[in-house]
1. Could you check segment 73-89 and list, in sequence order, the residues that are closer than 16 Å to residue 18 by Cα and buried (at least 19 other Cβ atoms within 10 Å of the Cβ)?
2. Check off (1) part of a helix (DSSP H, G or I); (2) closer than 28 Å to residue 119 by Cβ for residue 49 and give me the number that stays unchecked.
3. Could you grab me the full set of residues in segment 48-71 that are within 19 Å of residue 104 (Cα to Cα) and under 10 Å from the mean Cα position of the chain (by Cα)?
4. Considering segment 90-107 alone, what residues qualify as being exposed (fewer than 13 other Cβ atoms within 10 Å of the Cβ) and touching a helix residue (DSSP H, G or I) at 6+ places or on another chain (Cβ under 7 Å)?
5. Of the conditions (1) under 20 Å from residue 115 (Cα atoms); (2) surrounded by 14 or more Cβ atoms within 10 Å (Cβ to Cβ), residue 16 fails just one. Which one is it?
6. From the list 78, 84, 105, which residue is part of a helix (DSSP H, G or I), within 10 Å of the chain's Cα centre (by Cα) and without any contact (Cβ under 8 Å) to a residue 60 or more places away in the chain?
7. Which one of these does residue 87 not meet: (1) out of contact with any helix residue (DSSP H, G or I) (no Cβ under 6 Å at 6 or more places or on another chain); (2) modelled with pLDDT of 95 or more?
């Protein structure tokens, strides 16, 4: 299969992950706000909405190939504080610690993939 097509399919899958999570932020704002409040996030509801917008923008840019650098920056702005604030597994014990550790390292892996996108010359093929 052509590498451009493979890359485009990967962009749809990767960007779709962020769009799905953005949707979750808006469809479940109350639940995510309560979770953010439990983690002592200031202005938790605003944080949930803004983080949803960062995910939405980042996912859109990866899928469409439009304003990719800005989208990557938005995703980094999302993942850095969320990873270290919301999934601070070292502050937890037992089952919660294990679940937060999984989320923490999943986020680090996603952040690594986002950073790898910066090594791919822009404009990407098959972009709007």
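1. Hits for segment 73-89 are 74, 75, 78, 79, 82.
2. Among (1) part of a helix (DSSP H, G or I); (2) closer than 28 Å to residue 119 by Cβ, residue 49 violates only (2).
3. Passing the criteria: 51, 52, 54, 55.
4. Start the filter on segment 90-107 by keeping residues that are exposed (fewer than 13 other Cβ atoms within 10 Å of the Cβ), which leaves 90-91, 93-96, 98, 102, 106.
The answer is none; no residue qualifies.
5. Among (1) under 20 Å from residue 115 (Cα atoms); (2) surrounded by 14 or more Cβ atoms within 10 Å (Cβ to Cβ), the lone unmet condition for residue 16 is (2).
6. 78
7. Failed condition: (1).
Quick grid of which residues meet (1) surrounded by fewer than 15 Cβ atoms within 10 Å (Cβ to Cβ); (2) touching a residue at least 40 places away in the same chain (Cβ under 8 Å); (3) within 24 Å of residue 128 (Cβ to Cβ):
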site: 6; (1), (2), (3): yes, no, yes
site: 32; (1), (2), (3): no, no, no
site: 45; (1), (2), (3): no, no, no
site: 59; (1), (2), (3): no, yes, yes
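The values are calculated or read from the model by the stated rules, or taken from the named source; none is laboratory data. No experiment lies behind these values; they were computed from the predicted model shown. We place every Cβ from the backbone using ideal geometry, glycine too, and count neighbours over all the protein chains shown.
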